[in-house]
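Worksheet for the structure shown next.
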Amino acid sequence: MSMMSHIDQTPVVEVRNVARSFSGTKAVDGVSLKIAPGEIFGLLGPSGCGKTTLLRLIAGLDRPDIGDIFLAGREVTALPAYRRDVHTVFQSYALFPRMSVASNVDFGLRAGRMGAPERRARVASGLKLVGLEGKERRLPHELSGGEQQRVALARALVNQPPVLLLDEPLAALDAHLRREMQTELRRIQSETACTFVLVTHDQDEAFALCDRVAVMYRGKLAQIGPPEELYRRPTSVEVARFIGRSTLLPAIWSRGRAALAPGWSVAAKSPSSLAEGETCLVVLRPRQIRLSHIGPDEGTRPGEGITGQIAHLAFAEDRYEAIISTRLGSIRAESATPPGAVGATVLVATDESECWALVS
């Protein structure tokens, strides 16, 4: 299914101008969004931005001060959680410690008074879906963190909800297991066609899992779109700073280029109409930066960038991450080879890719 047809369908979740305050502070401030059937939709942002509050409002665990919430076209703003056709998987998983895996998964079905044969079939199907066949009789403490999370997923999915809400579901797992579970969540969502709404503060997790992501900042919806669009074309300084560990440097706009320093300008595009000579902020992604070592007696060669000193250097998987101290401020860079030792002088320049400029 194409992304365009995906988001043109009747929304399975719709939030209209919703706001929620606590002690005079707006946790959610006038948020409106639509989520299509079959999407994996992310709510991303720093701690305290309102993403978990918004998830709780959709779940019916809290009520907005103003605004309306719709599920599959039906207004549910005043309905309690148990009357909404959604299920939530919490960060803690909330498994019953003295119940077996099968009993945990069966709990919601029993509460719904479903017949025993159908319940057994659904439990077996749910455990197969999450790869836990043969572990039906184990207790939660006998499982790994990843397996406990799979039990929580199975317990929610056996109820066949059209919407599954996931509140930081991978936060308690180690980095390797998180990557494995990202793949598993994608597979499970594809097999069930259930709409997933994922809350996370982890950009890599949101980008790996989600079809579209809503970036929240101070209770507001800062930007919404596919991961690539958020990364390459942020519409605000807040989104640019949060996404991609970028460097934002002041520049002067001139004929489709942004002048960062005398003799150093970059080709750029902007979501706004910038006037000739207007001040702007250039978004420099770490992989756009090129570093080359220069000796202590060498100056900056005209047109190539500025000099700086390596203030921090770390190896991350297949690349080196560096922070360069310059007269323009600190600049983040990534390099396939070590650019030098901490304290070394380097030439900071950009590759030929187009940069992004925002109104300052």
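Only the coordinates and a few stated rules stand behind these numbers; no lab work does. This is a predicted model, so every value here is computed, not measured. In this analysis, Cβ positions are derived from the backbone assuming ideal geometry, glycine residues included, and neighbour counts consider all displayed protein chains.
Selection among Gly244, Val359, Val123 by position relative to the dipole of the chain gives Val123 as farthest towards the positive end (Cβ unit charges, Cα centre). Cβ crowding within 10 Å ranks Glu39, Glu14 as Glu14, Glu39, fewest other Cβ atoms first.
The ranking of Met114, Met181 by Cβ neighbour count inside 10 Å, starting from the fewest, reads Met114, Met181. Helix content alone sets the calculated 222 nm mean residue ellipticity of the chain: runs of n ≥ 4 DSSP H residues at -39500 (n - 2.57) each, divided across all residues, give -7500 deg cm²/dmol. Against the set [x] 81, 43, 43; [y] 62, 43, 38; [z] 85, 74, 41, the structure's computed Cα extents along the principal axes in Å falls on [x].
Based on C-alpha pairs under 8 angstrom that are at least 6 apart in sequence, region 267-360 has a relative contact order of 45 percent. Simple point charges give the picture: +1 on the Cβ of Lys and Arg, -1 on the Cβ of Asp and Glu, and for region 151-268 a dipole about the Cα centre of about 600 debye.
For the chain, calculate the relative contact order in percent as a whole number, restricting contacts to Cα pairs under 8 Å that are 6 or more residues apart. Can you show the working numbers first?
On the way: 762 pairs, mean separation 54.8, N = 360.
Answer for the chain is 15 percent.
Under 5 Å from the amide H of Ser21 lie the amide H atoms of Ala27, Asp65, each residue being 5 or more positions distant or on a separate chain, with H modelled from the backbone and absent for Pro and chain starts.
May I ask for the net charge around Leu173, where only other residues with Cβ less than 12 Å from the Cβ of Leu173 are counted and Lys, Arg are +1 while Asp, Glu are -1? With Lys, Arg at +1 and Asp, Glu at -1, the net is -4. Placing +1 on the Cβ of every Lys and Arg and -1 on the Cβ of every Asp and Glu, with nothing else charged, gives the chain a dipole about its Cα centre of roughly 1020 debye. Between 0 and 90 degrees, the angle of helix 145-157 with respect to the longest Cα principal axis of the chain falls at about 60 degrees.
Rank by packing, highest mean first: peptides 214-220, 138-144, with packing defined as the count of other Cβ atoms within 10 Å averaged across residues.
On the way: 214-220: 21.9, 138-144: 13.9.
Sorting 214-220, 138-144 by mean packing, highest first, produces 214-220, 138-144.
Comparing Ile294, Ile224, Ile323 in a Gaussian network model of the chain, where Cα atoms under 10 Å apart are tied by springs, the biggest mean-square fluctuation is seen for Ile294.
Connecting C-alpha atoms closer than 10 Å in a GNM of the chain, tell me which of His201, His312, His176 has the biggest fluctuation. Highest fluctuation of the listed residues: His176. Of the residues Asn159, Leu313, Val215, the one whose Cα sits farthest toward the positive end of the charge dipole of the chain, with +1 on the Cβ of Lys and Arg and -1 on the Cβ of Asp and Glu, is Asn159. Phi angles across region 49-65 convert, under the Karplus curve 6.51 cos²θ - 1.76 cosθ + 1.60 with θ = phi - 60°, into 3J(HN,Hα) values of 7, x, 5, 5, 4, 4, 4, 5, 5, 5, 6, x, 7, 8, 10, x, 6 Hz, Gly and Pro given as x.
A crude spin-label estimate for the pair Glu75 and Arg186, with each label 7 Å from Cα along the Cβ direction, gives 4.0 nm.
Between the beta carbons of Lys128 and Ala316, assuming R0 = 30 Å, the FRET efficiency works out to 0.20 to the nearest 0.05.
Once you charge only the Cβ atoms, +1 for Lys and Arg and -1 for Asp and Glu, what is the size of the charge dipole of region 202-360 about its Cα centre, to the nearest 20 debye?
Numbers: 17 positive and 19 negative charges, 92 e Å.
Roughly 440 debye, rounded to the nearest 20.
Summing charges over all other residues whose Cβ lies under 15 Å from the Cβ of Ala357, with Lys and Arg as +1 and Asp and Glu as -1, gives +4.
Ranking of Leu54, Leu132, Leu157 by neighbouring Cβ atoms within 10 Å, starting from the fewest: Leu132, Leu157, Leu54. Label separation (Glu304 vs Ser353): 2.2 nm, computed from points 7 Å beyond Cα along the C-beta direction.
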